[in-house]
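Throughout, read-outs are computed from the coordinates displayed, never taken from laboratory work. Everything numeric in this text was worked out from a predicted model, so none of it was measured. All Cβ positions, even for glycine, are placed from backbone atoms using ideal geometry, and neighbour counts span all protein chains on display.
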């Protein structure tokens, strides 16, 4: 553990003790984790050859503390973290993940105002209907370090028996350098009902300047073992940003300006996102989950290959294997950096398969996650073992392996694998 | 008239009020009526909360201990709040046969199956479903004396697919109608668990179950002890038992 981490742990423990002593009747949850990461880099990837374009650390230590407080209708979730690695100076950061006020207007009507994490879909790794939720990674669906941050919103929910109706207004407004900036106005409506064993929701979502999208999600249980769920969201056109190289015949180009644009914003073609999933529990307690996700906003295999040729061209220039005038080497580097924006933590291409096996016995938890790109068959494997030392302390080991052809989505990532070892204290 | 009186008594016992059971005309009670009366010893009110401690043992060694606050409303709604530090903020909601779990990390309720366990050998249904009369049809098969106490032996068969067990053999004390022991079976016919109802105590002016022991018949040596304390009548709005309200609970 680094000196920075030790200072951070002491600071967080003192803060928590003071808060706990000062606040009688407060609901709280507190966790602090220290996680060390060793990374084996993919030094031959054209995205980041010899780790020279966007240098990545091979050793890192994260100390992360999460504090949740709730008093009356007011609740907040705070994250304080310290990071040290072999590349950059140690750094502290904090974030207010949530700060909201829940007001119960009656037994049937509730209002929430503030920053809050809302998640709407039943999907485990992917949530096409999670139109109001923050970005998250399918290879870490449980957000183990508590790093997801809520969105600024006003929501109103009316409850009636086994049904509810929720309206949400969102605006990612920001206060910067003493000036308040409104973000785009965003509206979402969800009607939920529980009907003959079926959880069923209908969802509408509209963002200023974009088109209305509509969707549904559902889940149901069959017998003692099996749960099925699904999500579907569709709209005319797409607001996704695409690299201009995708619609060009020549991948050997250097763009002079930012090369991304909305390609299908005026299209009348229906773009949809679909998730189908299940989970099955065996009598011995082993739980298996499986999901298929299709995202029409993603790249097709031919578009991916075109983009990869473009990346390889820029990498060739950077490595000197493709000769260009010296004044073009800098712009080419910028093109390579811009190209990386095509990659999305939620998946860059169209088809994905997700699997998870979980078993808990006594003090041990075993989890094995598989995420596969269905278009190029590249895979992410994430086995995790957790041992509960006590109610308050646990230690864990997590290994993440990225497998696939050198020009596939996960085979071309910056790293080949990473190992996390962590200890967590919870109160 | 006697029949009408019997129906009224059963209806009252199945609802909120507990009155002395001694002197009931046992000979005329059906299996379903005995089951309803026995449920009263596990549920003091129509809407109440109870603190539940679950202790898991493996080869008589304590391996895990969990604390839960269980809120029950009516015949079909249960909300379980997890109190241990490692699962704090987690909730289990059960409405009729359907269950959702809410975990603060994922911030959303997830639909779960009856076999997904709350902790160790205790299934969600063991904690959440305490009114067997709602889930099972009962018939008296015989009478037996257990540890010197005369008991009815009831055969309970699941009325609904979502009931925690397919079949239960259930021993109920003749005099007090307190559950004495139970043998639980899965749809496959496998003998799944044995339960002994160990201790009853005066709680909030009523005699209620305060300890039971679950023995896992599929995995030898695994035992769970469940202790109940702090029974209290508690009124809760309906929305507390709506899946979408889980994210608002603390």
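Observations
- Cα-based Kirkwood hydrodynamic radius, the protein assembly as shown, one decimal, Å: 28.0 Å
- Only Cα pairs under 8 Å and 6+ residues apart enter the sum, and on that basis the relative contact order of chain A stands at 14 percent.
- Rg in Å to one decimal, and Dmax rounded to a whole Å, for segment A:153-255 via C-alpha atoms: 20.1, 61
- In the protein assembly as shown, the calculated helix contribution to ellipticity at 222 nm averages -3500 deg cm²/dmol per residue, counting -39,500 (n - 2.57) for every DSSP H run with n ≥ 4.
- Inter-label distance, nm, simple model (7 Å from Cα along the C-beta direction), residue A:158/residue A:44: 6.3 nm
- R0 of 30 Å, Cβ-Cβ distance residue A:204-residue A:337: FRET efficiency to nearest 0.05: 0.20
- Choice from A:96, A:322, A:301 with maximal GNM fluctuation in chain A (Cα, 10 Å cutoff): A:322
- At q = 0.14, 0.24 Å⁻¹, base-10 log of I(q)/I(0) for segment A:265-340 (Debye sum, equal scatterers on each alpha carbon): -0.71, -1.06
- Net length gained if the chain between residue B:145 and residue B:220 were fully extended (0.36 nm per residue, minus Cα distance): 24.3 nm
- Per the Debye formula on identical point scatterers at the alpha carbon atoms of segment A:306-366, with no solvent, log10 I(q)/I(0) at q = 0.12, 0.18, 0.22 Å⁻¹ is -0.51, -0.72, -0.90.
- In this structure, residue A:185 and residue B:232 have a Cβ-Cβ separation that, at R0 = 56 Å, corresponds to a calculated FRET efficiency of about 0.75.
- Viscosity 0.890 mPa s, 25 °C: Kirkwood-radius Stokes-Einstein D of segment B:147-245 over Cα pairs, µm²/s: 156 µm²/s
- Using the Stokes-Einstein relation with a Kirkwood hydrodynamic radius computed over Cα pairs, the translational diffusion coefficient of segment B:31-162 at 37 °C and a viscosity of 0.692 mPa s comes to 200 µm²/s.
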